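*Asks:* Input: one structure, supplied below.
The values are calculated or read from the model by the stated rules, or taken from the named source; none is laboratory data. What you see is a predicted model; the values in this text were computed from it and never measured. Here Cβ is always computed from backbone atoms with ideal geometry, including for glycine, and neighbour counts include all displayed protein chains.
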Amino acid sequence: MTEVLIANLSQIGKLRVISRTSVMRFKQTKKPLPEIARELNVDAVVEGSVLSSGGRVRITAQLIYAPTDRHLWAKSYERNLSDVLLLQSEVARTIADEIKVTLTPQEELQLGGARRVNPEANDAYLRGRYYWEKRTPDDLKKAFEYFKQALEKDPRYAPAYLGIAEYYSVLPFYTRSTPDEVFPKAKAAVSKALELDDTLAGAHAALAYIKAYYDWDWAGAEEEFKRSLALDPNDASVHHKYSRFLASLGRIEEALSEVKRARELAPLSLIAKANVGVIYYFGRRYDQAIDELKRLLETQPDFPVAHWGLGLAYEQKRMYPQAIEEFAKAVALEKDDPNWIASLGHAYAVTGNKPAALKTLDELNTLAKQSDVSPYQLALVYAGLGEKDQAFESLEKAKLERSTLLTYLKMDPRFDSLRSDPRFQDLLRRMGLSI
């Protein structure tokens, strides 16, 4: 219920609605409401309860002005379970009315477009989303099974197709599945979701991700990102993904604008905060990257992405001992992450510590036998060692596998030693990326 209400309110462009991931950290908290509001930087909070019994659902919702903990509005609703989506849209519209927000015609259409659902299909889908949020291989499998159950109950339930598409899209990161094995399945599922409901913002975002990281259809991906954000301007995860997409194309200022918007909408998201620094790195603004990441590490010293990003910036400033120290911290926090290991190997290589760099190559090759290691990561170490032929051989393998990491090739400073080689420019051309 929380997720759907956030999604509905997010469609109202004049509101800034905080993401589910940030909000749910306060579930069952004993913190005072004004304190929660300050942490989230919001003016108002919606609280409520849900009771489901005998095919009926009852929602009690209240809107509270957070700084003074003052109730602005409260109301109870009761409907059949099959009308739950209509009910959620009605709650969102009522809240908009209470805070005097005038809806645009498109927003009126979106909030009024909810349809009756099969309660069992909706229940299975929501259970799938619960496991999806856990993001472990076993939980992803459970999510997938629930999404399939939802479609068995209602073959025209578009969100379930979106769930299946997202499941296939992340498999290369959690299993040994290759992009070629899973992305076509993801694309078929998301296409079905959009065929059933073209206003499903998450489906447009999923299609944008596939077009960018598998099809390398940059124009098509951007069109889908923009369509998704037009339908749901408050989706922090889409702003975040769009920022990474823009950074890979070298559009750094736009990327920074999007990732900072993601940070506003998800103020407790560590990855959004860290990626502000990483995008500064891709823009070769290393001092700003260092400032951002050090600030994050002051409060989150055990976040490996921040140590990794800081190591990247230190390396480009030729502060090699500091870079190696940060990469080593990331590896210590997540021992089997190939990205941290490859980055450490590259740093060893550029400082002339060939034995240590070769050891990281051995670690990556061993790790590849049990989990996903991209040839892109091997190419990083070879590039640092000055072994250009092996670096290009690995990059070509990454292209054949359609490695998602390859999209960062254009902007990653660690490949500067290869840029003058015609093979590098040819690879970018074949990916549709210009120098």
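*Asks:* Here is a check on your reading of the model: is P155 part of a helix (DSSP H, G or I), over 28 Å from N339 (Cα atoms) and at pLDDT 90 or above? Steps first, answer last, please.
*Replies:* Working: part of a helix (DSSP H, G or I): no; over 28 Å from N339 (Cα atoms): yes; at pLDDT 90 or above: yes.
In short, no.
Yes/no per residue for (1) touching a residue at least 60 places away in the same chain (Cβ under 8 Å); (2) in contact with a Leu (Cβ under 7 Å, 6 or more places away or on another chain):
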position: K359; (1), (2): no, no
position: E363; (1), (2): no, no
position: Y376; (1), (2): no, yes
position: A379; (1), (2): no, yes
position: G384; (1), (2): no, no
position: A391; (1), (2): no, yes
position: L400; (1), (2): no, no
position: Y408; (1), (2): yes, no
position: L418; (1), (2): no, no
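*Asks:* Anything in the stretch 169-178 that is hydroxyl-bearing (S, T, Y) and either in contact with a strand residue (DSSP E or B) (Cβ under 6 Å, 6 or more places away or on another chain) or closer than 23 Å to V4 by Cβ (or both)? List them, or say none. Before you say what the answer is, go through the steps one by one.
*Replies:* Narrowing the stretch 169-178 to residues hydroxyl-bearing (S, T, Y): 169, 174-175, 177-178.
Within the stretch 169-178, just S169 meets the criteria.
*Asks:* Name the residue that is nearest to M1 (Cα to Cα), counting only residues in the stretch 41-100 that are of a type in the set (S, T, N, Q), touching a residue at least 24 places away in the same chain (Cβ under 8 Å) and part of a strand (DSSP E or B).
*Replies:* S52
*Asks:* Might you check whether a residue that is among the acidic types (D, E), within 26 Å of the chain's Cα centre (by Cα) and more than 27 Å from P179 (Cα to Cα) occurs anywhere in the stretch 319-335?
*Replies:* yes
*Asks:* Something else about it: With respect to V4, is the statement that it is in contact (Cβ under 8 Å) with a residue 60 or more places away in the chain, β-branched (V, I, T) and not in a helix (DSSP H, G or I) true? Walk me through it before giving the result.
*Replies:* Numbers: in contact (Cβ under 8 Å) with a residue 60 or more places away in the chain: yes; β-branched (V, I, T): yes; not in a helix (DSSP H, G or I): no.
Against the criterion (in contact (Cβ under 8 Å) with a residue 60 or more places away in the chain, β-branched (V, I, T) and not in a helix (DSSP H, G or I)), V4 does not qualify.
*Asks:* Only one residue in L72, L40 is surrounded by 16 or more Cβ atoms within 10 Å (Cβ to Cβ) and over 30 Å from A124 (Cβ atoms). Which one?
*Replies:* Values: L72 fails: surrounded by 16 or more Cβ atoms within 10 Å (Cβ to Cβ).
Criteria check complete, one pass: L40.
*Asks:* Looking only at the stretch 388-430, which residues are surrounded by fewer than 16 Cβ atoms within 10 Å (Cβ to Cβ), outside any helix (DSSP H, G or I) and among the charged types (D, E, K, R)?
*Replies:* R419, D421
*Asks:* How about the stretch 160-208: which of its residues are touching a Ser or Thr at 6+ places or on another chain (Cβ under 6 Å) and in contact (Cβ under 8 Å) with a residue 40 or more places away in the chain? Before you say what the answer is, go through the steps one by one.
*Replies:* We begin by selecting, within the stretch 160-208, every residue touching a Ser or Thr at 6+ places or on another chain (Cβ under 6 Å); these are 171, 186, 201, 204-205.
Result: A201, single match.
*Asks:* Are any residues in the stretch 307-338 of a type in the set (A, V, I, L, M) and surrounded by fewer than 20 Cβ atoms within 10 Å (Cβ to Cβ), and if so, which ones? Talk me through it step by step, then tell me what you get.
*Replies:* We begin by selecting, within the stretch 307-338, every residue of a type in the set (A, V, I, L, M); these are 310, 312-313, 319, 323-324, 328, 330-333.
Passing the criteria: M319, A328, A332, L333.
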